[in-house]
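What follows is a short report on a single structure.
Since every read-out is calculated from the coordinates, none of them should be taken as a lab result. These figures come from a predicted structure and were not determined experimentally. For neighbour counting, all protein chains shown are included, and Cβ atoms are generated from backbone atoms with ideal geometry for every residue, glycine included.
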Amino acid sequence: MWRIVESGRKRIIHLTSTHAESELIQRALGTVAAFFRWLKSTAGHLDEKTRWYVVLRCAFRKLLMPDPALGAVIPLR
């Protein structure tokens, strides 16, 4: 279940899980939350294009930087 709470200019998403793997999901969401806290603290120093680059690179890092034994799927600059 989820709900969004809006206050001023902030939107907060509250998630509740009853899934059997809820601990794993909670850790994953904690990682995502930590990333967005970090991004918020540095976003003011980045232009819009760079912010999207950082978000997408982190979101797709497994695809962009696969296990070295598997070789590169997508070449990085």
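Quick notes on this one:
- Around the Cα centre of the stretch 6-63, unit charges on the Cβ atoms of Lys, Arg, Asp and Glu (plus for the first two, minus for the last two) sum to a dipole of about 220 debye.
- Computed extension gain for M1 through I25, at 0.36 nm per residue and net of the alpha carbon distance, reaches 7.3 nm.
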